[in-house]
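In what follows, a structure is listed as structure tokens, so that the remarks can point back to it.
Coordinate-derived values only; no laboratory data. Source: prediction; values computed, not measured. Virtual Cβ from ideal backbone geometry, glycine too; neighbours counted across all protein chains shown.
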Amino acid sequence: MKPQLPIIGKKPRAFIVAIAMPLAIVAASAQTNSDAIFHAPPKPLAKDAVVSDWPSFLGPNHNMVSPETKLLKSFGSGEPKLVWEIAKGLSYSAPAIADGKLVLFHRVGDSAVVDCLDATNGNRFWRFSYDTAYHDRYGYNHGPRCSPVIANGSVFTYGADGKLHCLDLATGKVRWQHDILSEFKLKQNFFGVGATPLVEGDELIVNVGADNGQCVVAFDTKTGKQNWSAGDKWGPSYASPIPATINGRRYIFVFAGGESDPATGGLLAIDAAKHSVEFSFPWRGRRYESVNASSPLVLGNQVFVSECYRAGGALLSLPPAGGYEVAWTNEHFGTHFMTAVEKDGCLYGVDGHGPGDAFFVCVDLKTGHELWRAQPKWEETFQTNDGPRTKTVGTCRCSLLMADGGCLCLGEYGHLIWLDLNPRGYKEISRASLFLASDSWTPPVLSHGLLYICQNNRDPVTGSPPRLLCYDLRAAE
């Protein structure tokens, strides 16, 4: 008998009531998923196409750069083709993909839900859930912010309420768990917990944000035991820890700083071998209601950090002798939660706090000088029940993904655009309107020629609910 899996998109009242402890519902093989709609199979991969998994936030290289090639660059009528979709609950988290499995972390009713799906068709392998009472104090999304991480045969999830779980990738069963807020005596941050953990070797690195030398904590991935901790200055942020080897030394860079008065935070450079802070660089807006949310970007022997509450961006150089030197600062290059990308000696990113003041900016990597600034906008006509309606739309607080020699841009309101970026400006290669829904802040995920997009709010034109959508981005043979 096949296991009966609860339906996403409808509040599973009886299921929620029945939960006393975290629950996993397991299928031996992927089962037909009544929540998913399969539209059409994707094109075959080109014989010489380079493909990869996407096991963690920001991709396989932790920088929104994908090694994939042979991707569809021209969006004609009806392109890109929709392969499958699934209604999802509340969340800002991106899916993680490895070994043909896609893990989605979201909130359905009063349950935090982890779904393990077949990445090619949306069929479900297993579902795990637990009760959550998290409520966003500012009225935003009440679901998870952190993306799942797949590594070492496990799935790691970190909920907005501070519940940290390690699940078996094959079965969804709990290997270990922690209640971080309770165990470390923390209060809820501005927008709950939002810093996706990092797997480094056999350790899970978490920006816990506690005092007493526990800003950053490493847990054993197999047992959940705390191995070490470091840092005592700053609280938790919304930026993911980033690993890098610089001058022959392995570092973990943590851009810390959340709710604090006065506002404090900055970059911690942790020596991965010594488990100690090599240096700290204070960098944080002065406003109380400010956060560090954009993950550090490592470029050779340099690290770029940025925030949008007036401090802006800073590039640090790490000399062989240790420590750091400030290469430059630019208060007008302040990324909010979006990650900047590098191409041919230039940094490209979105400066601004809200959609109205979000500017696409290019700066010279050597000097930090701004080369150009733009605010892409256009008129678009939508069919509504009352007839056609024209609206001014744009990229706003968009996400950038570098792949196959180009830049794929996901706009804040659901537009997908291939861009050619250069020091003189940008050129739009192709554009598609996937939906019209706000808060499309979740970065796109690219794996094996398939593109995964999160629609986080209801589309006011079509009425479509929040969904995870899988598109065919494979070029023809």
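Descriptive notes on the structure:
- Shape category assigned to region 390-477 from the gyration tensor of Cα positions, a/c cut at 1.5: oblate
- Inverting the pair-averaged 1/r between distinct Cα atoms of the chain gives 22.6 Å as its Kirkwood hydrodynamic radius.
- Highest to lowest packing among 205-214, 347-356, scored as the average C-beta count within 10 Å: 205-214, 347-356
- Cα centroid separation, region 262-322 to region 72-128 (Å): 32 Å
- Straight-line cross-link partners of Lys47 among the aspartates and glutamates, defined as a Cα under 12 Å from its Cα and at least 8 positions apart when in the same chain: Glu477.
- Magnitude of the charge dipole for the chain, about its Cα centre and with charges confined to Cβ atoms of Lys, Arg (+1) and Asp, Glu (-1), is about 720 debye.
- Look at Phe184, Phe255 and count the other Cβ atoms within 10 Å of each Cβ; fewest to most, that gives Phe184, Phe255.
- Assigned charges on the beta-carbon of Lys, Arg, Asp, Glu; region 28-142 dipole about Cα centre (debye): 240 debye
- Sorting His275, His448 by the number of Cβ atoms found within 10 Å of their own Cβ, with the fewest placed first, yields His275, His448.
- Packing here is the average count of other Cβ atoms within 10 Å per residue, and on that basis the peptides 462-472, 143-153, highest first, run 143-153, 462-472.
- Using Cβ point charges alone (K and R +1, D and E -1), the dipole size of region 356-432 about the Cα centre works out to roughly 100 debye.
- Expressed as a whole percent, the proportion of Cα-Cα pairs in region 194-278 lying more than 17 Å apart is 40%.
- In terms of packing, defined here as the mean over residues of other Cβ atoms within 10 angstrom, the peptides 82-92, 386-396 line up highest first as 82-92, 386-396.
- Listed residues Pro148, Pro42, Ala321: farthest to the positive end of the dipole of the chain (Cβ charges): Pro42
- Between region 134-199 and region 407-455, the alpha-carbon center distance in angstrom: 27 Å
- Region 263-348: C-alpha gyration tensor shape, a/c 1.5 cut-off, then a/b vs b/c: oblate
- Mean residue ellipticity (222 nm) of the chain, computed from DSSP H runs ≥ 4 via -39,500 (n - 2.57), nearest 500: -500 deg cm²/dmol
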